[in-house]
Every structure is written in structure tokens, then in C-alpha cells.
1. Obtain the nm distance between the two label points defined at Arg193 and Leu92 by a simple spin-label model: each point lies 7 Å from its Cα along the Cα-to-C-beta direction.
2. Given only helices, namely DSSP H runs of n ≥ 4 each adding -39500 (n - 2.57), what is the per-residue ellipticity at 222 nm of the chain, to the nearest 500 deg cm²/dmol?
3. Mean Kyte-Doolittle of at least 1.0 plus a Cα span of 15 Å or more along the axis: flag which DSSP H helices in the chain meet both, please.
4. Can you pull out the chymotrypsin sites (Phe, Trp or Tyr not before Pro) in segment 73-163 that DSSP calls coil and that have at most 14 other Cβ atoms within 10 Å?
5. Quick check: Cα centre of segment 146-213 to Cα centre of segment 88-141, how many Å?
6. Just to be sure I understand the model, the point goes 7 Å from the Cα along the line to the Cβ. What's the resulting Arg39 to Ala127 distance in nm?
7. Starting from the Cα of Met164, step 7 Å along the direction of its Cβ; do the same at Leu21; then give the gap between the two resulting points in nm.
8. Based on the Cβ-Cβ distance from Asp78 to Leu120, what FRET efficiency comes out when R0 is 25 Å, to the nearest 0.05?
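Quick note: the coordinates plus some simple rules give every number you see, no bench work behind them. Predicted, not measured: the structure shown is a model, and the values here were computed from it. Note that we place each Cβ from the backbone using ideal geometry, even for glycine, and neighbour counts take in every protein chain shown.
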Amino acid sequence: MRKNRRSRVPAVDALRGLAILAMVAYHFCFDLRYFGLLRADFENDPFWLSARALIVASFMLLVGMSLVLALRSGATRDAFWRRFALIAACALAVSAGSYLMFPDRFIYFGVLHCIAVATLLAAPLVARPRTALAVGLAIIVAGVAFAHPAFDARALSWLGFTTMKPPTEDFVPLAPWSGLVFVGIALAHALTRVDFRPIAPLARLPRATQWLGRHSLAIYMIHQPILLGVLWVIVRH
């Protein structure tokens, strides 16, 4: 949903900015390994697995919170669909770009794909925080507790419930990750009732942090080409 000034909460922008910084740092380390400049086991090391999980979880929670803030600001249906179309288009661009670089491991359902679909699923519950919380927790529990080989096929793997991670550079299936969007809706309602005081200190971070949070989608789309380009130049010279 498109956010106007009334929907802006400096602390939430700062929180989103911190998530963006963490994501860029993670991808920078990943790119260093790609160019042979860092030895790191992103696929098995608990540190890197936990870092990725925390980053993805923060983004999914913030999606749910943003839906509530847009509702509070009076965002229209047209604004919602424009925002959804933009995210979906960016998800397709990520798939196309990753296919050019990693044709055997391209991103067919990464974080933007999950955000786009989860946004559609969660939108009807934006004004019902208790129901959203129950649904979100159920999705998380189901995604963690249940797995079946039938979901290992690419046609179904995006739902979750896989017994193994499919061959792709980024994989964020609906279960359990979309559950955090529903939880984010409940969290935003709880924070709204106390005027966001529990996270208010984040607003005192440098203004650049809030700027990053306000432009998170654009930064997500451009940071990897920039990082890869800079590292390519460094390695070549």
C-alpha cells in the first residue's frame, strides 16, 4: 500500500532501515564468497543460517505492520493494488536477473515473491488482529512441524512443507514465513494502542536509517547489482 505522511512512523522506518542494513551486510558477505574472497558456509553454519532467518523474519513482520499503518492512514484500494503490482514486478525482475546469473539455481520464490502473495492473503485480516495472530501462528507451526516429499517438487515447493531446500539462490516459502506477516498485523495493532512507545527510541537513530527504511524496495532492487559490480571491478584489477 502506498504510504502517505500520516502513515509514517519514524521508529518503524528506522526499524525497516536496520533490516535493510543487515540484509546488505549479509549479501555483501555472500558476494565476497562468490568471488572467492571469503570462506563461509551460508548453507550449514548456524551463525549464517540464524542471521538470514532473523533478516527475513524482520522483513515479513514489517510487511504486516505496514499493512496496518496503511489502513490507519486511509490508503485506498487503488494504492494497495499499485503497491502490490510494484512488488510483484520486482519479484519477476529478481527471477529474470537471477536466471541470467544462476540458470540452474534461479530465484523462483524468494522474499519478494513471498511478500507479494502474503500481502494478498493477509490483507482481509488487517483490521482483525486477533484472527490474524491465530492464523499467523498456525502457519508458522505448520511450516515448521510438517513436511512431505510431495512438496519437494517445484510446482508445490513455494507453499512450504518441503523435506529439503530446493536448488535456488533464495527460498522463502509461504509456510512458515508468510505467518509472520499475519503476526506483524497483530503486533502493529498492539503498538498502535501504546503509540509505538516500545520502539520509539529507534527514532533517535541517524536520519539516514529512516531514509533507508522509506526506500527499502528500491534499495533491495539495486544493492546487489552495485555490490557485484564493485567487487567484480576490484577482483579484475
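1. So the label points at Arg193 and Leu92 sit 4.1 nm apart.
2. Estimated from H runs of four or more residues: -22000 deg cm²/dmol.
3. Within the chain the helices that satisfy the rule are 46-72, 111-122, 129-145, 179-193, 216-236.
4. Passing both the DSSP loop test and the Cβ count: Phe146.
5. 8
6. Going from the Arg39 label point to the Ala127 one covers 5.9 nm.
7. 3.9
8. That gives a FRET efficiency of 0.95.
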